[in-house]
Amino acid sequence: MGQAVHEHAMSNGYTVVQEIGGHGIGLQFHEEPWVSYVSKNGTEMLLVPGMVFTIEPMVNMGTDETFVDDNDGWTVYTADGMPSAQWEVMVLVTNDGYEILAY
């Protein structure tokens, strides 16, 4: 998935932030596994039924370099000020594929 997201963004002239990824959903906020969007095929995690995680790459028109707002410690900006987009999709791995839980 990570390589597909990265290649799709790059082939359309965009970049993907390496330090921002998806995460597992469970008993705590932002738990393991961390989901990279610049990973290579063959290095991914094993997806097993019952696993819930997010897909939420930060895709930019310019650089993939970012910084976090010092005032709130949460808001992420692109280093070059170019537009960026991020959307979160929550996925459940099922016995026969997947189910989108939130979009």
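Look through 48, 93 and report the one residue that is in contact with a Pro (Cβ under 9 Å, 6 or more places away or on another chain), modelled with pLDDT of 90 or more and β-branched (Val, Ile, Thr). First the steps, then the outcome.
Values: 48 fails: in contact with a Pro (Cβ under 9 Å, 6 or more places away or on another chain).
After applying the criteria, what remains is 93.
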Pair list, Cβ under 7 Å, 6 or more apart: the range 47-63 residue farther than 22 Å from residue 83 by Cβ, other residue among the β-branched types (Val, Ile, Thr) and exposed (fewer than 13 other Cβ atoms within 10 Å of the Cβ): 49/94
Just to be sure, is residue 16 aliphatic (A, V, I, L, M) and crowded, with 18+ Cβ neighbours inside 10 Å? yes
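Are any residues in the range 50-103 among the charged types (D, E, K, R), in contact with a Leu (Cβ under 7 Å, 6 or more places away or on another chain) and surrounded by 12 or more Cβ atoms within 10 Å (Cβ to Cβ), and if so, which ones? Step through it out loud before you land on a result.
Filtering the range 50-103 down to residues among the charged types (D, E, K, R) leaves 56, 64-65, 69-70, 72, 80, 88, 96, 99.
Retained after the next criterion (residues that are in contact with a Leu (Cβ under 7 Å, 6 or more places away or on another chain)): 99.
Once the filter is applied, which keeps residues that are among the charged types (D, E, K, R), in contact with a Leu (Cβ under 7 Å, 6 or more places away or on another chain) and surrounded by 12 or more Cβ atoms within 10 Å (Cβ to Cβ), the range 50-103 yields nothing.
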For residue 37, only one of the following conditions fails: (1) modelled with pLDDT of 95 or more; (2) under 27 Å from residue 13 (Cα atoms). What is its number? (1)
Within the range 14-32, can one find any residue that is at pLDDT 95 or above and on the phi > 0 side of the Ramachandran plot? no
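The values are calculated or read from the model by the stated rules, or taken from the named source; none is laboratory data. On a predicted model such as this, the values are computed, not experimentally measured, just so you know. Neighbour counts run over all protein chains shown; Cβ positions are idealised from the backbone, glycine included.
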